[in-house]
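Read the structure below first, then the notes.
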Amino acid sequence: VFLFPKDESVHYIKRVLGVPGDKIQFSGKEILINGETIPKEKVEDPEVLKRLTDGLDSVEVYRETINGKDHYVRYSTKKHHQLLRIEQEEVVPEGHYFVVGDNRDESYDSRSWGLVPRNYIKGKAQAIWLSLDPGEAWGADKVRWGRTGTAIH
């Protein structure tokens with residue numbers, strides 16, 4: 001959880017990908033940190049896919065491992081989403097952090113607006129406060145009760 005560098009009145013939640021001194025590079029769907037590719041495997045489990053794709057056919061889900069912790073990420077199969085890639089290596093300077101969203105191709109993150117200064121970081125998200133299903137109209141089915149209130153870590 002951090003203050004959005006472009007508007008400090010807004011709190012953002014993203015995954016920290018790079019810490020001071022790290023070298024970050026995106027190459028297609030691969031992410032390299034200090035020259036090492038982040039391990040990931042494509043998810044085929046229908047239950048996980050149903051929960052994480054929102055019914056979209058144009059999304060692939062992967063289980064990614066960063067610092068020994070697994071999490072799910074989404075990638076678009078649409079060509080126009082390749083614009084969010086950083087092909088050149090970027091070194092994270094002292095006092096800053098490189099953050100990305102788990103919806104990798106549709107996330108507004110460090111690839112778009114830059115690094116997060118250390119003093120903007122407020123803490124670590126602990127739980128999902130509210131989860132909404134984008135495929136449902138407003139009503140009782142809009143809230144994903146199985147995710148709302150669950151621990152993140």
Considering only the stretch 137-150, I want to know if a residue exists there that is at pLDDT 85 or above and of a type in the set (A, V, I, L, M). no
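Specify the residue that is modelled with the lowest pLDDT; the eligible residues are those in the stretch 85-117 that are among the aliphatic types (A, V, I, L, M) and crowded, with 18+ Cβ neighbours inside 10 Å. Show your work before the answer.
Of the stretch 85-117, the ones among the aliphatic types (A, V, I, L, M) are 86, 91-92, 99-100, 115-116.
From what's left, crowded, with 18+ Cβ neighbours inside 10 Å: 92, 99-100, 115-116.
On the way: Val92: 97, Val99: 94, Val100: 91, Leu115: 95, Val116: 96.
So the residue we want is Val100.
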Can you spot a residue in the stretch 40-54 that is over 30 Å from Glu136 (Cβ atoms), modelled with pLDDT of 90 or more, surrounded by 12 or more Cβ atoms within 10 Å (Cβ to Cβ) and in contact with a Ser or Thr (Cβ under 9 Å, 6 or more places away or on another chain)? no
Starting from residues that are farther than 17 Å from Glu106 by Cα and among the basic types (Lys, Arg), keep the ones in the stretch 21-70 and report whichever is nearest to the chain's Cα centre (by Cα). Arg63
Working only within the stretch 12-43, note down all residues that are free of Cβ contacts under 8 Å to residues at least 60 places away in the same chain and of a type in the set (Gly, Ala, Ser). Gly28, Gly35
Being out of contact with any Ser or Thr (no Cβ under 9 Å at 6 or more places or on another chain) and among the β-branched types (Val, Ile, Thr) is the filter; apply it to the stretch 99-153 and report the residue that is farthest from Tyr12 (Cα to Cα). Ile152
Quick check on the stretch 118-146: of everything there that is within 24 Å of Tyr62 (Cβ to Cβ) and basic (Lys, Arg), which residue is surrounded by the most Cβ atoms within 10 Å (Cβ to Cβ)? Arg144
Report the residue count in the stretch 59-75 for those that are at pLDDT below 85, β-branched (Val, Ile, Thr) and under 14 Å from Arg15 (Cα atoms). 0
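The values are calculated or read from the model by the stated rules, or taken from the named source; none is laboratory data. Given the structure is predicted, the values throughout are model-derived calculations rather than measurements. Reconstructed Cβ throughout: ideal geometry from the backbone, glycine too, with neighbour counts over all protein chains shown.
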